[in-house]
1. Please determine whether any residue of the stretch 207-214 is over 23 Å from V33 (Cβ atoms) and either at pLDDT below 85 or in contact with a Ser or Thr (Cβ under 6 Å, 6 or more places away or on another chain) (or both).
2. For the stretch 52-169, please list each of the helices (runs of 4 or more DSSP H) lying entirely inside it that holds at least 3 residues being within 18 Å of the chain's Cα centre (by Cα), modelled with pLDDT under 65 and of a type outside the set (K, R).
3. Mind listing just one residue for me: the one in the stretch 198-214 that is of a type in the set (A, V, I, L, M) and touching a residue at least 12 places away in the same chain (Cβ under 8 Å) and, of those, least open to solvent (accessible area, probe 1.4 Å)?
4. Here are some conditions: (1) open to solvent by 20 Å² or more (accessible area, probe 1.4 Å); (2) at pLDDT 75 or above; (3) among the hydrophobic types (A, V, I, L, M, F, W, C). F8 meets all but one. Which one does it not meet?
5. If you check T234 against the conditions, is it of a type in the set (S, T, N, Q) and buried (at least 16 other Cβ atoms within 10 Å of the Cβ)?
6. State yes or no: is L226 more than 24 Å from A31 (Cα to Cα), open to solvent by 30 Å² or more (accessible area, probe 1.4 Å) and in contact (Cβ under 8 Å) with a residue 12 or more places away in the chain?
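The values are calculated or read from the model by the stated rules, or taken from the named source; none is laboratory data. The structure displayed is predicted, hence computed values, not measured ones. Using ideal geometry, Cβ is built from the backbone for each residue, glycine included, and neighbour counts are taken over all protein chains shown. Side chains are part of the model used for accessible areas, which takes the heavy atoms of the whole protein and leaves out ligands, DNA and RNA. Shrake-Rupley method; radii C 1.70, N 1.55, O 1.52, S 1.80 Å.
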Amino acid sequence: MEALIAWFGEIHWVAVLQIILIDILLGGDNAVVIALACRSLDPHLRVKGIIYGAGGAILLRVILIAFAVSVMNIPFLKFCGGLLLLWIGIKLIAPADEGEHEIHASKRLWGAVKTIIVADLIMSIDNVIAIAGAAEQAPGHHQMALVIFGLLVSVPFILGGSQIILKVIDRFPIIVYAGGALLGWIAGTLMVDDPGILAHLPNLPALHTEGGIAGAIFVLIIAFVLKYFRSQKTKA
């Protein structure tokens, strides 16, 4: 008990508050992904999809933070992650047709959960550096504990935000397009900052905003084209 009290006495509370603030601010993107991925679920499955998806995403984020520095230095990792995020954004706006046959709710649930986890993992590549940087202010044996604590505290904010966005999407479906464009923006900014590409195009980071705009436009164009051709195929 004395050791536990001593451990809490050594906690760097400024670092704790910084980690919580960082994750809450960055949780807006995660809430959008969760809401978009769960929007097609039956109402009684949405809460499960949100909880399972957010839980798995946060667990993976903790693991990613532990290897943040080495992961960020792997050439072309950001670029490949950006490509995958572009695909996820397109898929969220223009999901594949399910066909005439019935798809069990459990399959849709776990499909949404996988989408949430994969998207959050990719989107967290940059975010975890900020959280890990805040944790470095604390003693070494406290750092991962602080990161986990900060992420856990932020869970209610992320879950609450996703449920609010779900209700708004039900009323204003056009928000789905804005969410897909947001994923495209994040993908574009990731790709222009890839260390493997910087070796050949050192001035590319200066196009950070342009890369985000290009990613958002790409997702919207491809999604609209897919929806158009699918509608024509349905009419035929």
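1. no
2. 68-72, 105-135
3. So, considering only residues that are of a type in the set (A, V, I, L, M) and touching a residue at least 12 places away in the same chain (Cβ under 8 Å), the one least open to solvent (accessible area, probe 1.4 Å) is L204.
4. Condition not satisfied by F8: (2).
5. No; evaluated as a whole, the condition is false for this residue.
6. Values: more than 24 Å from A31 (Cα to Cα): yes; open to solvent by 30 Å² or more (accessible area, probe 1.4 Å): yes; in contact (Cβ under 8 Å) with a residue 12 or more places away in the chain: yes.
For L226, the condition - more than 24 Å from A31 (Cα to Cα), open to solvent by 30 Å² or more (accessible area, probe 1.4 Å) and in contact (Cβ under 8 Å) with a residue 12 or more places away in the chain - is met.
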